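Here is the structure we will look at, set down as C-alpha cells.
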Amino acid sequence: MKNDIWIYMEAGADGGLPVGAELIVPAKKLAGYYGGKTVAVIVGEGAKAAAEDAIFCGVDEALVIERPRKAVCNIEADANALYKLAQKYGPEVILAAATETGRDLMPRVAAKLETGLTSDCIDIGIDEEMRSVAFICPAFSGNLLAKIICEKRRPQMGTVRPGVFKKPERDEGRTGGIICEDVPHDMTAVAVKIVETIDNPEKSGLQIEDAETVVAGGRGMRSAKNFELLIELAGLLGGAVGATRPVADDGWMAQEAMIGQTGKTVRPALYIACGISGAAQHLAGIPETSVVIAINNDENAPIFNRADYGIVGDAAEILQRLIRKIKRYKND
Amino acid sequence: MEILVCIKQVLTALDVKINPETNTLVRQSADCAVNPYDLQALLLAVRLKEECGGNIYVLSMGPENAEMALRECLLKGADEAFLLSDGVFAGADTLATSYTLAQGIKKIAADKKIPMFDLVLCGKNSADSDTAQVGPQLAEWLALPQVTYAEDVKRAGGGLRVRRKLTRKIEIAEVEMPCLVTVGDTGLEPYYGTIRRKIASLEAKIKILSVSDIPGFDRNKAGLSGSPTRTKEIYLLQKKSGGQRISGSASEMVERVFEILQDSNAL
C-alpha cells in the first residue's frame, strides 16, 4: 500500500454519493504518478454501503470501518481510526474534502502522524522537482495563492475545498476490493456530545454549489430591493443567486449565498456578476473555467479583468431590460 | 474558570505586496493587528469570566513586536500575557506552531500550579494563513477534546455548552473540561477597554518564553526543522487581461447579452 493515494470519505446523506467522492479525479492523477492505487477510506455508520458507491465512482479499493453512529461527536475516535490505519498501511497521500468534519479531523491525524497537512486546497498537482504533491491553496483572505509541498514526511495530507472538482459518474459495472478493518475505541470515553441540531431553515431549493448558472450581486446593485431582479433573472435561467461579502454582511442576501474566499465556491458554466467590483476574495470562489458576464458602472472595476464579457452600465437597469426581453422571448 | 486564549498577530493590509526575489510577503509592522477571530475568542473569555470568575491568560508565538497584539488583549480583558519568542520558533508551519504553543501552555499551567487550563480558546482561523489547523492540532498535542466553529460558549453543569455555527446547521454540543474551543463570529458587542486598563496594559510586564525557559522542549519539533510543509511559491491570483467589452446603448447591450445567453444554452 506504500504508493497508494487515500481519500477519506464519509457516507453521504440520503444515500447520495459519499462525501469526498469528487477527489477521485485528482487522486487518480497522483496514483498514476506514484504507481499506486486509489483507496477510499470510510469510517462510520453505512461505511460498507458508501464503499460500494466509492468503487462505482472509480476508486480501485476501499478500506472500511463500520461503526454505529451515536449522538456523540466522533472526531477523536475517527481521527484515531484513520491514524491507526495510516500507520498500518503507510499510504503516500491522504486527501479529504474540506468539510467541517474534514477540517476538524485531518489536522489531528496529521499531528498524530507528525506529517504535513495543507488545508482548503483549490487545486492539486505534482511538483516534479520535489517529487511531491503540489497543494495549491488560497492565503491572505484570498488575495494570494500559495503552492505548498510536504517534501520529506509521509503521508502527504491535504483537504480540498468542496466544489472544486466535479462529482464523478457512477458506473455499477466497476469492481474493486473492500477490506473491512476494525480499530477499537472506547466510545464511552467520548468527551463531546451533540445534544441538539437545528437545520438551517434557509436551506431549500437549488444549492448554489450545484448550479450551472449563477446570478450574483454586489454593492453596485444599490439596494436590497434591487436584489429581487437577481432572483427573478436566476429563476428565468434556472440558476441560483449569489452575493458578495459586503452585501451578505449587510443582510441584503443570506450568508449562505455568499460566494468567495470566506464563503461558497461555485462551479457554474455561466456566472453573471451584477454590480460586483471583482475583489480577489470574491473571485476566489469562482473557477477560471466559468464564463463570466460582468455588469458594473465603473469601467475600471477589477471584475473586467476576469470577465469574458464586460458591460459598463447600471446593473439594475440592464437587468430590468434583460428580464423583460427574456420574458417576451419565453412567451413567444 | 482558568482560561487561556491563543492569539496571533496578523497582517491586515488588503494591498498585498510580494518581494519578487524571495517570493515572500513584504511585512510592515504598521499593518499588524490581533487576528479578528482571536479577538472574538477573547470576548467569549471575558464573558465567561464575568459569569464564573477566574483568570484569562493570553499567549502568542511571534517576534518581539507581537507584544503590541498582547497589550491590546490586556486592554480588552486579559489578565496576564505571555509571548513565545525565540529564533528557534521562526519559520514554523502549523504543526511546529501548535507544538510550540502546546509546550508554552503546559509551562504556564505548571507555573500556575494547575494540571491544565479549564478552557483553551483560539480563533477558528487566522486572517493571513487561513488554514484553521492550529486549533485542532493544538488540541491534539494537549490531548484535549475540541469543539470548533463556536459562536457561543456557556457553563453547563460540570462542563461547557457550545453553540456551533456550521454551514448547513447549528449544532449544540456539550463538552467536558478541560477542552479546546475555536471561535468564529460571536455577535458580542466589541469591548474597547477603559483608560485605566489602557495604562495598565502599557505598563504590564509580558513574560517572554524562550526555549531555555521550557524544560524538555524538543527543538526538532519547532520552527523550520519541525515543519513538514513549506511554501514553495506564492503568487497573486491570475488576472485575465480583457475579455470582450460590450458597448452601445442600453438596449443594444442587452440584445448582445441575450445572444450570449442563447448561445450558452442558459435560456
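In the elastic network of chain B, a GNM with C-alpha springs shorter than 10 Å, the most mobile of B:LEU95, B:LEU70, B:LEU166 is B:LEU166. Per-residue ellipticity at 222 nm from helix content only, as computed over the protein assembly as shown with -39500 (n - 2.57) for each DSSP H run of at least four residues, stands at -8500 deg cm²/dmol.
Remark: spin-label model distance A:ASP199-B:LYS113 equals 5.4 nm, labels positioned 7 Å along the Cα→Cβ axis. Against chain A, whose longest principal axis comes from its Cα atoms, helix A:100-113 is set at around 40 degrees. Bridge orientation summary for the protein assembly as shown: considering DSSP beta bridges with both residues in this region, about 35 percent are antiparallel. With each label modelled as a point 7 angstrom along the Cα→C-beta vector, the B:ASN265-A:LYS167 pair spans 1.9 nm.
Within chain B, the cysteines lacking any other cysteine Cβ closer than 4.7 Å to their own Cβ are B:CYS32, B:CYS52, B:CYS73, B:CYS179.
Compare the peptides A:290-296, A:260-266, A:5-11, B:228-234 by average per-residue count of other Cβ atoms within 10 angstrom and give them in order, highest first. Spell out each step's value before the answer.
Numbers: A:290-296: 24.0, A:260-266: 22.3, A:5-11: 26.9, B:228-234: 18.6.
Those peptides, ordered most packed to least, come out A:5-11, A:290-296, A:260-266, B:228-234.
Over 19 Å apart at the Cα level, from the set B:LYS49/B:LYS76; A:LYS2/A:LYS88; B:LYS49/B:LYS154; B:LYS107/B:LYS221; A:LYS84/A:LYS193, are A:LYS84/A:LYS193.
Along region B:193-198 the Karplus relation, 6.51 cos²θ - 1.76 cosθ + 1.60 evaluated at θ = phi - 60°, assigns HN-Hα couplings of x, 10, 4, 4, 5, 4 Hz to successive residues, with x for each Gly and Pro. Name the residue from B:VAL181, B:GLN244, B:ALA127 whose Cα lies farthest towards the positive end of the charge dipole of region B:123-267, charges +1 on Cβ of Lys and Arg and -1 on Cβ of Asp and Glu. Most positive-ward Cα: B:VAL181.
Springs join every pair of Cα atoms under 10 Å in this Gaussian network model of chain B, and among B:VAL153, B:VAL254, B:VAL134 the largest mean-square fluctuation is at B:VAL254. The string of couplings for region A:317-323 from the Karplus curve (6.51, -1.76, 1.60, θ = phi - 60°) is 5, 4, 5, 4, 5, 5, 4 Hz, one whole number per residue in order, with x for Gly and Pro. The mean number of Cβ atoms from other chains found within 10 Å of a Cβ in peptide A:109-117 is 6, as a whole number. Seen from all directions on average, chain B presents a Cα convex hull projection of 20.3 nm². By definition, a body whose alpha carbon gyration tensor gives a ≥ b ≥ c is oblate when a/c is 1.5 or more and a/b is not larger than b/c, and region B:151-229 fits this oblate description.
For the residues of B:145-158, the average number of beta carbons from a partner chain within 10 Å of their own beta carbon is 2. Ranking B:ARG71, A:ARG174, A:ARG306, B:ARG256 by solvent-accessible area of protein heavy atoms (1.4 Å probe, all protein chains present), from largest to smallest, gives A:ARG174, B:ARG256, B:ARG71, A:ARG306. Size of chain A: Rg and Dmax of its alpha carbons, in Å, are 21.9, 67.
Leaving out ligands and nucleic acids, note down the accessible area per residue over the protein assembly as shown with a 1.4 angstrom probe, in whole Å².
That works out to 43 Å² for each residue.
Modelled spin labels at A:MET187 and B:ALA33, positioned 7 Å past Cα toward Cβ, are 4.6 nm from each other. Cα centroids of region B:93-160 and region B:196-257: 21 Å apart.
Give me the inter-chain shielding for A:283-296: mean count of other chain Cβ atoms within 10 Å, whole number please. Provide the component values of the computation, followed by the final result.
Details: counts 3, 1, 0, 0, 0, 3, 0, 0, 5, 2, 9, 2, 3, 0.
For this peptide, the per-residue mean of nearby foreign Cβ atoms is 2.
Magnitude of the charge dipole for the protein assembly as shown, about its Cα centre and with charges confined to Cβ atoms of Lys, Arg (+1) and Asp, Glu (-1), is about 620 debye. In this view, the solvent-accessible surface of A:GLU169, computed with a 1.4 Å probe and all protein chains in place, comes to about 150 Å². For chain A, a Gaussian network of Cα nodes joined below 10 Å ranks A:TYR34, A:TYR271, A:TYR309 by mean-square fluctuation, and the top entry is A:TYR309.
Which three semi-axes in whole Å describe the equivalent ellipsoid of region A:184-332, each the square root of 5 times a Cα gyration tensor eigenvalue, listed largest first?
Value: 33, 18, 15 Å, ordered largest first.
Accessible surface ranking for A:ASP298, A:ASP199, 1.4 angstrom probe, highest first: A:ASP199, A:ASP298.
The values are calculated or read from the model by the stated rules, or taken from the named source; none is laboratory data. Please read all numbers here as calculations on a predicted model, not as lab measurements. Backbone-built Cβ (ideal geometry, glycine too); neighbour counts: all protein chains shown. The accessibility values were calculated without ligands, DNA or RNA, using every heavy atom of the protein model including side chains. Shrake-Rupley method; radii C 1.70, N 1.55, O 1.52, S 1.80 Å.
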